[in-house]
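The values are calculated or read from the model by the stated rules, or taken from the named source; none is laboratory data. The model shown is predicted, which means the values in this text are computed figures rather than measured ones. With ideal geometry, Cβ positions are generated from the backbone for all residues, glycine too; neighbour counts draw on all protein chains shown. Each accessible area value is taken on the protein alone, full model and side chains, heavy atoms only, with ligands, DNA and RNA left out. Shrake-Rupley method; radii C 1.70, N 1.55, O 1.52, S 1.80 Å.
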Amino acid sequence: MKLPRPRILVSYGLAAAALFLLLWVRPPLQSSKFPPAKDFDILDRAIEHIRDDYVNETDPLRTMEGAFRGLIGALDPASAYLSAELMTRASSPRLDRLFDIGLAAYKRPGAFPVVIAVVEGSPAEKAGIQPGDAVSAVDDRSTLIWSHNEFRFALKSAEPAPVKLRLIHENETTEKTVDRYAPYPVAAAWTAEPGTAGIVRIHHLFPGATDAFRSIVLPQVAGRKNTLILDLRGCREGEIEEARGLVNLFLKSPRAGTFEKKGGIKTVWACPAEPVLPAVPLVVWVDPATMGPAEIAAGVLCDLKRAIVVGTPTAGLAAEQKLLPLDAGDGLLLTVGAFTLASGEALFEKGLTPDVKIGPGKKTSADYLEKTKGLPGGRRP
């Protein structure tokens with residue numbers, strides 16, 4: 001059954017508006033910020049041919065959704081178009097309470113999401129998912145045109161329902177049904193390690209993580225003079241304000257970095273409180289799954305010479321984002337500020353390069369400890 005032609009025209013008009021915005025945000029080829037008239041002519045002709053000559057009757061809503069995906073996907077790795085279902089998950093007031101499967105992945109435009117870390121003991125690990133696996137579909141929906149955050153929210157759920165994944169491992173495709181679980185029973189954990197002040201594992205930077213550090217870690221490290229290890233490997237979720245709280249435990253700075261916003265406006269990111277551990281030697285562990293707020297925390301501690309960073313380069317998702325609902329229940333997750341360190345080095349889309357790099361295939365805590373224990377007091381020269 002064909003849809004009424006006016007509805008088709010309206011939907012194509014909305015898709016055209018999205019494509020217009022895509023043209024507008026690209027670097028201008030002329031002095032005017034508006035694209036030349038010929039671009040509008042080409043766009044109009046393309047829509048007319050799709051409407052009149054395409055072999056099948058098109059679904060206007062699907063066409064519009066595709067236009068939005070293309071628009072947002074052309075901006076940066078962190079921005080995303082979210083369906084109504086994913087928008088509900090993304091806008092949850094307690095993201096840390098959503099069920100997940102326990103893997104971190106990175107999604108580049110035009111490629112499948114690639115698993116970069118698997119949480120120990122998680123359903124993903126129990127299902128045999130390994131770093132390097134590509135996820136080509138989630139519940140029979142292709143991930144190829146998704147954004148990084150679209151894939152991230154697709155793995156979450158308010159209920160512990162299983163999710164079906166199609167995986168590509170060494171050119172072999174398999175399908176696995178993976179349970180979901182509550183991934184964050186605690187925000188921070190401390191373990192003793194001979195010759196150090198212990199290892200603090202930060203699982204996330206959602207609200208409450210800094211308080212957990214104070215209550216769990218401070219009693220263990222008070223009075224110790226050995227190096228404290230701050231393990232941010234796999235810390236891929238959280239909020240920027242909580243990253244500030246974590247950094248402020250170790251240093252005070254009126255200008256720890258800046259967020260550059262539209263029009264070149266820069267907002268200073270400060271850590272104004274008095275630190276509770278200003279002198280403890282510090283080493284920070286990072287890996288490709290150290291993302292967003294955790295990247296900011298590691299980057300600032302490194303940049304202000306408060307810690308030595310050990311590990312592998314991070315993903316470059318250090319940005320301030322805003323969730324914007326649309327009329328149909330769907331929405332946009334847009335990057336509104338890109339983080340730059342006090343030294344002027346950008347983290348967003350570039351990531352953090354560690355002071356001490358872990359070699360290929362070296363990812364266990366023993367590998368990290370081997371690199372850490374020979375460092376001069378955990379403070380950068």
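Could you pull out which residues in the range 119-144 have an amide N less than 20 Å from a spot 7 Å beyond the Cα of GLU172, following the Cα-Cβ vector? It comes to 124-137, nothing else.
Length gained on full extension, ARG214 to LYS322: 36.0 nm, using 0.36 nm per residue less the C-alpha separation. Phi angles across the range 73-80 convert, under the Karplus curve 6.51 cos²θ - 1.76 cosθ + 1.60 with θ = phi - 60°, into 3J(HN,Hα) values of x, 7, 7, 6, x, 8, 6, 8 Hz, Gly and Pro given as x. Using the Cβ-Cβ distance between ALA279 and ARG108 with R0 = 51 Å, the FRET efficiency computed as 1/(1 + (r/R0)^6) comes to roughly 0.80.
Consider a paramagnetic label point 7 Å from the Cα of THR364 along Cα→Cβ; state which residues of the range 93-131 have an amide N under 12 Å from it. Of the residues in the range 93-131, none has backbone N under 12 Å from the label point off THR364. Of the peptides 156-164, 181-189, the order by per-residue mean of other Cβ atoms within 10 Å, starting with the highest, comes out as 181-189, 156-164.
At a 1.4 Å probe, what is the % contribution of carbon and sulfur to the accessible area of the range 67-224? List each step's numbers first, then the result.
On the way: 3710 of 7020 Å².
Solvent-exposed carbon and sulfur of the range 67-224 make up 53 percent of the total.
Sort out for me the Cα centre separation of the range 118-159 from the range 267-285, rounded to whole Å. The range 118-159 and the range 267-285 have Cα centres separated by 34 Å.
Can you list the HN-Hα couplings for the range 138-151, worked out from phi with the Karplus curve (6.51, -1.76, 1.60; θ = phi - 60°), rounded to whole Hz and with x for Gly and Pro? My calculation for the range 138-151 gives 10, 6, 6, 9, 4, 9, 4, 9, 6, 8, 4, 6, 4, 5 Hz in order. Taking the charge dipole of the range 158-264 about its Cα centre, with +1 at Lys and Arg Cβ atoms and -1 at Asp and Glu Cβ atoms, the residue from GLY245, GLY198, SER215 reaching farthest to the positive side is GLY245.
Shape of the range 104-165 from its Cα gyration tensor (a ≥ b ≥ c, root eigenvalues): rounded if a/c is under 1.5, otherwise prolate when a/b > b/c, or oblate? List each step's numbers first, then the result.
Details: a/c = 1.78, a/b = 1.23, b/c = 1.45.
Oblate, since a/c reaches 1.5 and b/c is not below a/b.
If the only charges are +1 at each Lys and Arg Cβ and -1 at each Asp and Glu Cβ, what is the size of the charge dipole of the range 289-369 around the Cα centre, to the nearest 20 debye?
Details: 7 positive and 9 negative charges, 81 e Å.
Result for the range 289-369 is approximately 380 debye, rounded to the nearest 20.
Scoring 136-145, 341-350 by mean Cβ neighbours within 10 Å over their residues and listing the highest first yields 341-350, 136-145.
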